[in-house]
1. On a full-extension model of 0.36 nm per residue, what is the gain between Thr369 and Asp156, subtracting their alpha-carbon distance, rounded to one decimal in nm?
2. Counting only other residues whose beta carbon sits under 12 Å from that of Ala387, what net charge do I get with K and R as +1, D and E as -1?
3. Report the net charge of residues surrounding Leu335, where surrounding means a beta-carbon distance below 11 angstrom and charges are Lys +1, Arg +1, Asp -1, Glu -1.
4. Arrange the following residues from fewest to most other Cβ atoms within 10 Å of their Cβ: Cys213, Cys107.
5. Report the number of Lys pairs in the chain whose alpha-carbons are under 24 Å apart, with separation of 8 or more residues or on distinct chains.
6. Would you please put 223-230, 188-195 in order of how densely packed they are, using the mean number of other Cβ atoms within 10 angstrom per residue and starting with the highest?
7. Treating only the Cβ atoms of Lys and Arg (+1) and Asp and Glu (-1) as charged, compute the dipole magnitude of the range 57-378 about its Cα centre; round to the nearest 20 debye.
8. Give me Rg over Rh for the range 199-282, both radii from the alpha carbons and Rh done the Kirkwood way, two decimal places.
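Just so it is clear, none of the values below were taken in a lab; they were calculated from the coordinates. What you are looking at is a predicted structure, and each value in this text was computed from that prediction instead of being measured. Using ideal geometry, Cβ is built from the backbone for each residue, glycine included, and neighbour counts are taken over all protein chains shown.
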Amino acid sequence: MPSASFATALLSCVLTAPSGVAAADDPIVVGDRVQPIVDRHLIDSMDGVELRLAEPRDEGEVFRFDRPWEGAFCAYATVIRDGDRYLLFYRGLPESGKDGTSREVTCVATSTDGIRWTRPDLSVFEVDGTTVNNVILADAAPVTHNFSPFLDTRPDVPADERFKALGGSETSGLVAFVSPDGLAWRRWRDEPVLTDGMFDSQNVAFWSESEQCYVCYFRTWTGEGYSGIRTVSRATSPDFVHWSETVPMRFGGVPLEHLYTNQTHPYFRNPEIGVAIAARFMPGRQVVTETEAAELGVDPKYFKDCSDAVFMTTRGGDLYDRTFREGFLKPGLGLANWVSRANYPALGVVQTGPTEMSIYMNADYAQPTAHLRRYSLRLDGFASVHAGGDEGTWMTTPLVVEGDRLELNLATSAAGEIRVEVLDVDGTPIPGFSEGEAVPVIGNEIAKRVQWTGGSDLSALSGRPVRLRFHMRDADLFAFRVRGS
């Protein structure tokens, strides 16, 4: 049982509202962080504009699971950027079988750019008769079934615990591991740290900066045992050892869908926003015939369902925002993309260029061609506010910003533009920042400074509740930010 001090910390972690979430009618403190358009959280009203979910660009295969200890059933991938290196973790499994078999191993690949990947020769575990491999964990079933690491961003975390991970099953509970570098791992506690769940999928955890505690999101079911609909629950912890009771996630009144993995994690450009690129599973929705499955070489148990990925957000607590109901990562051309458990996104969104970020997806599951694909997006470009050829407007909720200039991540046509006015909370234009004084912003840039006829300095408004109203024509706005010099 946790001590009284831990119990107090645990209760505080559960009850404390995230710093970026305001009570009703209170201004939202956004500070100087980038604010990507990912939902309606900062939107008060819209007229003549619409929210559009981005379409990630398929950049093709980046990693083939073709080693003897990998194979057709590699899954539950995680991509982490740690300084100048990128790490790819995934389950190696060459043959289908019961979850938690001894054949399951955890592997790692490394990259300097998130695009070209290599297997380091770790020579730690003997697998299939050789120690020349990239296996970081073996003979640890059922932990290796769904081992899921993260880079711990908690302040003052010990150097030998910079990486943490969870893995396990309903019978074992979730077991905690730690590592200084993501390559050499050790079991952190003899006993499982989290036992209140089914854990029959990837169990993702991270340090929540806004909530000041660790959070873990994992799959549960709406019915007893493994019945009903696959959904998501979460638990919290002040120390990664003592965890709260499981709380089912809510979806804002949107009908439940089967979510196989949730892949919830803090967005690297604004960790107060949790993005979730979740695998949406469609049981019994069969596209591939038995004959076609045989031609593809699909395992006979894995072609009578299909799946894709959806985009959700959370700002702490037990609520997901499903502003976008449509598919985010849709199955590609070819029947190989329409088998059961294909198109499962990896955990993690990472920056792979000055204006680009990448997500990854397991493709061709249960097939000889199983591999990982990369998809690129504009930096901050999960979604946008879009205006067509006629001018439209949208206005933020009351915000408290910090900084001296407003920057936009935008794309306009040659004829398009965005003009921004700054208003009091009651909607009155602030002199110097009215619509008539706004200089049109035109172009395609990640951080374009907004100007008014009197200049761009917003420092007099720093810390003051204001609203922003955007006048847009033939343009997309992906994010905005008030930042200091």
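1. Details: separation 213, 0.36 × 213 = 76.68 nm, distance 4.31 nm.
Length gained, Thr369 through Asp156: 72.4 nm.
2. Computed value for this residue: -4.
3. On the way: positive: none; negative: Glu292, Glu295, Asp364.
Around Leu335, the surrounding residues sum to -3.
4. Ordered by Cβ neighbours within 10 Å, fewest first: Cys213, Cys107.
5. 4
6. Listed from highest to lowest mean packing, they are 188-195, 223-230.
7. Roughly 640 debye for the range 57-378.
8. Numbers: Rg = 13.0 Å, Rh = 13.4 Å.
For the range 199-282, the value is 0.97.
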